[in-house]
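First comes the structure, then the notes that go with it.
The values are calculated or read from the model by the stated rules, or taken from the named source; none is laboratory data. Remember, it's a predicted structure, so these values are computed and weren't measured experimentally. When we count neighbours, we look across all protein chains shown, and the Cβ atoms used for this are built from the backbone with ideal geometry, even at glycine.
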Amino acid sequence: MSIPHRGDDMDEMAEDYDMGDVEDDMYEEFQGSGLGDSDSDDEEYGPLDGRATDISSAQARKGKDIQGIPWSTLSITRERYRQTRLEQYKNYENDCKPTDKGGIYYEFQRNTRSVKSTILHFQLRNLVWATSKHDVYLMSNYSVLHWSALSSQKYEVMNVSGHIAPEERLPGSLLEGFSQIQVSTLAIKDKLLVAGGFQGELICKFLDRKGISFCCRTTYDDNAITNALDIYDSSSGAVHFMSSNNDCGIRDFDLEKCQLCKHFHFQWPVNHTSLSPDGKLLVIVGDDPDGMLVDAHTGKTVHKLQGHVDFSFASAWNPDGQTFATGNQDKTCRVWDVRNLSKSVAVLRGNLGAIRSIRFTSDGRFMAMAEPADFVHIFDVGSGYNKQQELDFFGEISGVSFSPDTEALFVGVWDRTYGSLLQYSRLRNYLYLDSLRMASGNLLLILISRSFRPKPMRRSHVLNNGSAARSIRVRRPCDPQLHLSPSPDSKSQSSPTAATRRSRGSPLPTDLSAPPRRLPLSPSGGHMASKRIQKELLDLQRDPPASCSAGPVGEDLFHWQATIMGPADSPYAGGVFFVMIHFPADYPFKPPKVNFQTKVYHPNINSNGSICLDILKDQWSPALTISKVLLSISSLLTDPNPDDPLVPEIAHIYKTHRSRYEEIARSWTQKYAMG
């Protein structure tokens with residue numbers, strides 16, 4: 001890796017993608033009406049007043065920019081500024097794989113603006129690591145921070161601005177320690193944190209212990225920067241970590257013995273190393289267009305990886321152990337198959353910069369490819385990398401990390417004004433109760449496949465065409481007359497007995513071609529309200545919200561019933577929760593009244609079914625819809641807000657005894673939502 005300075009013609013990125021220029025171009029573009037100089041009276045958007053607020057998924061669904069950038073007050077649109085950014089960077093001409101960018105695999109969950117992720121070297125972007133879907137670690141100036149998405153709190157894990165020294169007297173450890181380390185790279189796995197510095201420093205800390213456990217220096221050479229770190233478990237079960245350095249070396253440390261096990265030397269600075277899942281092969285990339293696949297035990301070259309035209313800074317193995325990827329400053333990521341290394345199996349292109357970081361989910365389903373700024377690409381591996389989701393924002397990327405359970409993706413964004421931590425949640429594809437409407441006074445349920453998080457449905461029904469579908473056993477609502485309606489052309493319509501049998505799980509109607517019958521207006525309902533409700537009903541049938549369904553009860557357009565399926569990553573998983581919705585006559589200028597019919601053990605839902613949700617109160621907006629309300633309630637089941645409880649006793653248990661809270665919530669779900 002080349003040492004960063006402005007006159008370095010050897011590295012294309014030093015002249016084409018300087019950090020200072022990238023940071024400043026937004027302000028130059030917005031001179032007089034800039035991101036940092038907005039005249040907006042909206043304090044929520046004020047970037048320099050020290051009161052920057054987080055952005056939630058609910059706000060994003062209402063149209064708010066996920067980074068809080070007030071585009072409506074600026075002299076340039078987001079689209080034009082994006083085009084300006086793209087035009088600033090030249091691209092290599094590569095034969096790249098065309099991909100469909102319409103994928104949606106991870107949805108925006110939250111932008112935490114109080115967490116400022118930083119970088120010190122413009123080429124090294126491995127400074128964000130998630131250890132669970134709620135816990136993420138990152139560099140912020142001289143501090144390693146732990147951010148808890150559950151408690152919305154950040155904690156300083158380690159500070160290297162002053163003198164640090166190991167508290168444990170381990171063999172090989174540098175007992176005098178270091179002073180004011182500039183951390184260039186980071187790796188965290190399970191309870192172990194390893195940080196690497198610009199002068200070859202290595203610091204090891206166990207997250208469940210106080211103080212530093214181990215310190216050492218890889219070399220005293222001038223060109224000693226630690227470019228990348230990789231933590232792994234050896235075949236014997238011992239914890240090891242591997243260091244890639246600018247002195248052309250790779251070093252393998254056994255942390256339990258506190259000793260250097262292997263030291264491989266190459267002809268060029270090593271920028272990144274990845275160990276195969278079986279521990280037999282190493283992918284090595286660095287200041288050479290050709291990467292290498294080497295024997296992890298001997299360091300001998302197995303195969304040269306030819307195809308890139310610049311230096312590489314990223315690599316990663318798919319958990320399947322057969323494919324791996326390399327990221328290069330030629331703006332491409334190449335995917336390789338160990339069974340045929342004559343050429344890469346796919347060449348994936350970025351938009352504006354080098355590929356600085358690559359991550360696979362632990363199930364091998366998705367691969368994230370991060371550019372230096374603005375873009376993270378999530379590829380569907382199962383599609384042969386033909387489909388991708390593109391995350392589009394503004395700012396330098398300090399790192400990306402999937403949670404070990406694949407449920408979350410975190411992106412660190414470094415920017416003078418809008419630096420933050422972006423959090424995305426994985427979407428799931430299952431069948432679920434999709435739409436709920438009335439036909440001839442009877443409740444009609446339709447099954448369709450959509451994306452959401454809850455677990456697969458349980459019971460199997462046979463559709464009219466004979467194909468099998470996954471479904472659930474739905475508890476009958478309180479109304480004893482409510483039952484599943486047969487399809488209009490069903491011969492069993494005339495048989496009450498058949499209708500009763502159908503309500504217990506016989507074939508569901510599959511004809512979606514007939515439009516729903518227009519329902520009469522509520523006697524007290526205004527024309528504007530009824531027109532809006534009719535439109536929302538049609539929209540729900542055309543594009544139903546994930547894991548939810550809703551529709552009128554009987555002939556009353558202003559009285560709906562909804563179902564929400566318990567999210568998979570919550571103690572409510574597997575449950576079907578009934579919700580009643582009452583529209584006021586002046587809807588949508590006043591919020592609907594929404595109550596749970598099904599009993600729920602939750603700090604924000606009381607025994608009467610009332611819900612403590614800001615969008616149903618003072619944060620209501622006429623732009624909101626029932627679809628968005630249901631999604632927000634579903635999100636509340638996943639992430640309760642114990643700091644604004646409706647039931648303080650449950651909130652106290654949630655904060656002080658989480659396992660007990662989840663145990664009770666699961667018990668209630670089984671008792672009331674699975675009957």
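Key figures
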| item | result |
| --- | --- |
| Ile650 vs. criteria of a type in the set (A, V, I, L, M), in the same structural domain as Gln534 (by TED's automatic domain parsing), crowded, with 19+ Cβ neighbours inside 10 Å and within 30 Å of Arg542 (Cα to Cα) | no |
| Extreme residue, nearest to Ser244 (Cα to Cα), among residues of the stretch 203-218 that are touching a residue at least 24 places away in the same chain (Cβ under 8 Å) and of a type in the set (D, E, K, R) | Arg217 |
| Strands (runs of 3 or more DSSP E) (entirely within the stretch 341-404) containing at least 2 residues that are modelled with pLDDT of 95 or more and crowded, with 22+ Cβ neighbours inside 10 Å | 357-360, 366-370, 373-380, 388-402 |
| Set Asp278, Asp230, Asp252: member being touching a Cys at 6+ places or on another chain (Cβ under 8 Å) and either over 25 Å from Ile119 (Cα atoms) or part of a strand (DSSP E or B) (or both) | Asp252 |
| Failed criterion for Ser244 (all others in (1) assigned to a loop (DSSP other than H, G, I, E, B); (2) surrounded by 21 or more Cβ atoms within 10 Å (Cβ to Cβ) hold) | (1) |
| Counted residues, the stretch 124-176 - those being among the aliphatic types (A, V, I, L, M), surrounded by 17 or more Cβ atoms within 10 Å (Cβ to Cβ) and closer than 24 Å to Ala651 by Cα | 2 |
| Members of the stretch 166-194 found to be more than 19 Å from Arg359 (Cβ to Cβ) and either among the hydrophobic types (A, V, I, L, M, F, W, C) or not assigned by TED's automatic domain parsing to the domain that holds Tyr137 (or both), listed by number | Leu170, Leu174, Leu175, Phe178, Ile181, Val183 |
| Subset of the stretch 528-541 [touching a strand residue (DSSP E or B) at 6+ places or on another chain (Cβ under 9 Å) and without any contact (Cβ under 8 Å) to a residue 24 or more places away in the chain] | Gln534 |
| Residues (surrounded by 15 or more Cβ atoms within 10 Å (Cβ to Cβ) and assigned to a loop (DSSP other than H, G, I, E, B)) located in the stretch 207-218 | Leu207, Ser213, Thr218 |
